[in-house]
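Asker: Dumping the structure here so I can ask a few things about it.
The values are calculated or read from the model by the stated rules, or taken from the named source; none is laboratory data. This structure is a prediction, so every number in the text was calculated from the model and none was measured. Here the Cβ is made from the backbone with ideal geometry for all residues, glycine too, and neighbour counts use every protein chain on show. Accessible surface areas use protein heavy atoms only, side chains included; no ligands, DNA or RNA. Shrake-Rupley method; radii C 1.70, N 1.55, O 1.52, S 1.80 Å.
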Amino acid sequence: MLEHPGIVLGVAALVLNDGATDENARTVIAAAVEAGVVALDTARAYARVDDDGVGERLAAEGRALRPGLPIITKAGHYRAAASAWDTDGSAERMRADALRSVELLGRPLDLLLLHRADRVDDLEESVRALAAVRQEGLARAVGLSNASIELIDRALAVVPIDAVQNRLGLGVDSFAEYRHCREAGIDFFGYAPFGGPRAAPLATRVPHVAALATQREASVHRLTLAAVLDVLPGYWPVIGSTRVESVHDAVAAMDEPVDDELRQALLGDLASRGVPVGV
């Protein structure tokens, strides 16, 4: 779906975190776009009670700084109240969401995902609706988010899908869905690559990479992302940075040299977590 490997910026935290402001979101998104992220990631659910389009609108504003920048969005999941979200994967909802996303983003969608594939009542109906949206030209590519191997295979039994976006925290989550997508020729986007706010510090989960980061006076996050981009083809990390400094550090991973020492450090850390070397 994307022409080149690299870092994707997700806007969820910029909209949904306590204290989030549009001003900070615009600043961080602009920094990411200017630094060279390969896509922005948003969703219909990245909304406020009084503004259903804020997440997509902010992404569209960011793309205006670099026309042509792909935007990933998601349908079938929406904000229902101040602290509540609901799921509706019906054909009617999926089409309505797609049309609203096209309106907010200002053009046909680069990639539209079924947001909560694990919660819809009828996955096959949802996937057929995605295929219809793609056939109609409202979206160039379609896929699933939060999908198990079983759900991915059920979707593939209905129509081809282009991408999957799941959580893939290093040292926290299974790589099974990533490997399954690689075998099927499906692009994989991994959100929360560092495990999320409740995970143990990254350095404790990739100790060999952390030791190299200390030696090289670089951040463990940047070296980890650089090595991930090198050893995990077909995987795009979706970062949730809310500060300009962390965006710059993450995007710098795209230009960080990866030598065999760093490559083997990450592979060793993955193997110690039960992920086969050469994933």
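Asker: How tilted is helix 22-35 with respect to the longest principal axis of the chain? Cα atoms for both, answer in degrees (0 to 90, nearest 10).
Answerer: 60
Asker: Now, a different point. Out of every Cα-Cα pair in segment 193-237, what percent are more than 17 Å apart?
Answerer: Tail of the P(r) past 17 Å holds 33 percent of the pairs.
Asker: Given the options GLY137, GLY185, GLY19, state which has the largest fluctuation in a GNM of the chain using a 10 Å cut-off (strictly under) for Cα springs.
Answerer: GLY19
Asker: What FRET efficiency, computed as 1/(1 + (r/R0)^6) with R0 = 45 Å and r the Cβ-Cβ distance, is obtained for VAL244 and ALA176, rounded to the nearest 0.05?
Answerer: Rounded to the nearest 0.05, the efficiency is 0.80.
Asker: Turning to a different aspect of this structure: How far, in nm, would the chain grow between ALA199 and GLU125 when pulled straight, counting 0.36 nm per residue and subtracting the alpha carbon separation?
Answerer: 23.1 nm
Asker: Using 0.36 nm per residue of separation minus the Cα-Cα distance, give me the extension gain between ARG154 and ASP18 in nm, one decimal.
Answerer: 45.3 nm
Asker: Computed over the Cα atoms of segment 73-169, what is the convex hull's projected area averaged over all directions, in nm²?
Answerer: Mean projected area for segment 73-169: 6.4 nm², to one decimal.
Asker: Once both labels are modelled 7 Å past Cα along the beta-carbon direction, what's the ALA82-THR27 spacing in nm?
Answerer: Between ALA82 and THR27, the label points sit 2.7 nm apart.
Asker: Something else now. So what is the calculated 222 nm ellipticity per residue for the chain, using -39500 (n - 2.57) for each DSSP H run with n of 4 or more, over all residues, to the nearest 500 deg cm²/dmol?
Answerer: Here the helix-only value at 222 nm equals -13000 deg cm²/dmol.
Asker: Taking H as built 1.01 Å from N, whose amide H comes closer than 5 Å to the amide H of VAL142, not counting residues under 5 places away?
Answerer: LEU112, ASP162, ALA163
Asker: P(r) tail for segment 126-239, what percent of Cα pairs lie past 26 Å?
Answerer: Everything past 26 Å amounts to 29 percent.
Asker: Average the reciprocal distances over every distinct pair of alpha-carbons in the chain, invert the result, and give the Kirkwood radius in Å.
Answerer: Evaluated on the chain, it is 18.9 Å.
Asker: Then there's this: Taking every eigenvalue of the Cα gyration tensor of segment 173-279, multiplying by 5 and rooting it, what semi-axes result, largest first, whole Å?
Answerer: After diagonalising the Cα gyration tensor, the semi-axes are 20, 17, 14 Å.
Asker: Here's something else I'd like to know. What angle, in degrees between 0 and 90 and rounded to the nearest 10, separates the Cα long axis of helix 220-231 from the longest principal axis of the Cα atoms of the chain?
Answerer: 70
Asker: Please report the relative contact order for the chain, taking Cα pairs under 8 Å with a sequence separation of at least 6, and give it as a percent rounded to a whole number.
Answerer: Computed over the chain, the figure is 18 percent.
Asker: Let me ask another. Report the Stokes-Einstein translational diffusion coefficient (µm² s⁻¹, integer) for segment 1-95, Rh taken as the Kirkwood radius over Cα pairs, at 10 °C with viscosity 1.306 mPa s.
Answerer: Estimated via Stokes-Einstein, D reaches 114 µm²/s.
Asker: Let me ask something additional. Which angle from 0 to 90°, rounded to the nearest 10, does the C-alpha axis of helix 207-216 make with the longest principal axis of the chain?
Answerer: Computed tilt is about 70 degrees.
Asker: Measuring with a 1.4 Å probe in the full set of protein chains, what accessible area per residue, in whole Å², belongs to segment 46-135?
Answerer: About 43 Å² of surface per residue is accessible.
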